[in-house]
Amino acid sequence: DEPNGRVLLYVLSYPLNGQSGECNAESHRKVSVVEVPLKNPAAARVIATPDVSPAIGCHDVTVFTGLDLAAAACISESQMWDISDPAMPRVISHIVNPAINIHHSTTFTWDGDTIVIGDELGGAAVAPGCVDGDPHLPLGALWFYDVSNPAAPVLRGTYSVPQVEASTLCTAHNFNTVPTRSGADVLVSAWYDGGTTVLDFSDPANPRQLGFYTAKAPRPATTWSSYWYRGFIYGNNYENGAQSRGIDVMAIGDPLLKGAYKVNRLNPQTMEPLPIR
């Protein structure tokens, strides 16, 4: 918010370890808007706490500054926010889907007409892994909603990785959309032990995988986040108690990604109109 000499931060929280004492559901049904003056960051302060009920709190939010919209993943539901007044986000629609276990993260297509919701099944702690489950209930999947009318989102499709990985840590996690010049809607996503997947969801009813990479040799790893930036994919890996594999840097030669914008900055959760200089 340069005209007002400030940065606005949206701070999301939810009750992770129970709802007792001071940490209860009612204390989390909000987003805290923090104003940080550019010339005096030490004077940062909370200027608003908009309500996100009936959600008990939110996990992740992606804003699209050029559209004055935000898509928030709020554990039990996702929400579309009007941020035309960025200091006071306003909920304009609720996405309730019983097939989504945990609304974990979101992103937009670059035209703003579609959002992607990631379901972190069981918090990735009790997930059944990338195996064939109930065919009527995609497990730990990505979900695609038409938000061309953000006040009335419409479900268009869903996607789960086709490769099988017998691990409890296998569910969609952090992702971003590639700023293609062709207009194709391409997503890069981490999938924990399912690795990194790249998919074309230009037709959200029929998404198709363009490629994937699962970290195996010389050391296996769980991929926490995978993001596209300036022609490469950066996969951030971690292990529980083991020596870290570190970061994987990948490339994919699919023609849909040829000539994608090499922007100077690309924040997965603060999208700006293309091209970003």
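Between GLY211, GLY235, GLY246, which is touching a Phe, Trp or Tyr at 6+ places or on another chain (Cβ under 9 Å), small (Gly, Ala, Ser) and without any contact (Cβ under 8 Å) to a residue 60 or more places away in the chain? Give the derivation first.
Working: GLY211 fails: touching a Phe, Trp or Tyr at 6+ places or on another chain (Cβ under 9 Å); GLY246 fails: touching a Phe, Trp or Tyr at 6+ places or on another chain (Cβ under 9 Å).
Exactly one residue qualifies, and that residue is GLY235.
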- prompt: Could you list, in sequence order, the residues of region 233-263 that are of a type in the set (Phe, Trp, Tyr) and closer than 15 Å to PHE175 by Cβ?
  reply: TYR234
query: Tell me, which strands (runs of 3 or more DSSP E) lie completely within region 80-151 with 2 or more residues that are at pLDDT 95 or above, surrounded by fewer than 23 Cβ atoms within 10 Å (Cβ to Cβ) and more than 18 Å from the chain's Cα centre (by Cα)?
result: 90-95
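Residue-wise test of (1) outside any loop (DSSP other than H, G, I, E, B); (2) open to solvent by less than 10 Å² (accessible area, probe 1.4 Å); (3) within 21 Å of THR65 (Cβ to Cβ); (4) β-branched (Val, Ile, Thr).
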position: GLY183; (1), (2), (3), (4): no, no, yes, no
position: LEU199; (1), (2), (3), (4): yes, yes, no, no
position: GLY211; (1), (2), (3), (4): yes, no, no, no
position: LYS216; (1), (2), (3), (4): no, no, no, no
position: THR223; (1), (2), (3), (4): yes, yes, no, yes
position: ILE252; (1), (2), (3), (4): no, no, no, yes
position: ARG265; (1), (2), (3), (4): no, no, yes, no
position: PRO273; (1), (2), (3), (4): no, no, yes, no
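Looking only at residues that are of a type in the set (Gly, Ala, Ser) and assigned to a loop (DSSP other than H, G, I, E, B) in region 152-181, which one is farthest from ASN237 (Cα to Cα)? Walk me through how you get there before you give the answer.
Narrowing region 152-181 to residues of a type in the set (Gly, Ala, Ser): 152, 157, 160, 166-167, 172.
Then keep just the ones that are assigned to a loop (DSSP other than H, G, I, E, B); that gives 152, 160, 166-167, 172.
On the way: ALA152: 37, SER160: 20, ALA166: 18, SER167: 16, ALA172: 14 Å.
Going through the qualifying residues, I end up with ALA152.
Considering only residues that are closer than 15 Å to ASP193 by Cα and either in a strand (DSSP E or B) or within 19 Å of the chain's Cα centre (by Cα) (or both), which ones fall in region 225-250? Break it down into steps so the answer makes sense when it comes.
The first filter runs over region 225-250 and keeps only residues closer than 15 Å to ASP193 by Cα, leaving 225-226, 235-240, 242, 244-248.
Passing the criteria: SER225, SER226, GLY235, ASN236, ASN237, TYR238, ILE247, ASP248.
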message: Criterion first (open to solvent by less than 10 Å² (accessible area, probe 1.4 Å) and modelled with pLDDT of 95 or more) does VAL188 satisfy it?
response: yes
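The values are calculated or read from the model by the stated rules, or taken from the named source; none is laboratory data. Predicted, not measured: the structure shown is a model, and the values here were computed from it. With ideal geometry, Cβ positions are generated from the backbone for all residues, glycine too; neighbour counts draw on all protein chains shown. Ligands, DNA and RNA are stripped out before the accessible areas are found, and what is left, the full protein with its side chains, is counted by its heavy atoms. Shrake-Rupley method; radii C 1.70, N 1.55, O 1.52, S 1.80 Å.
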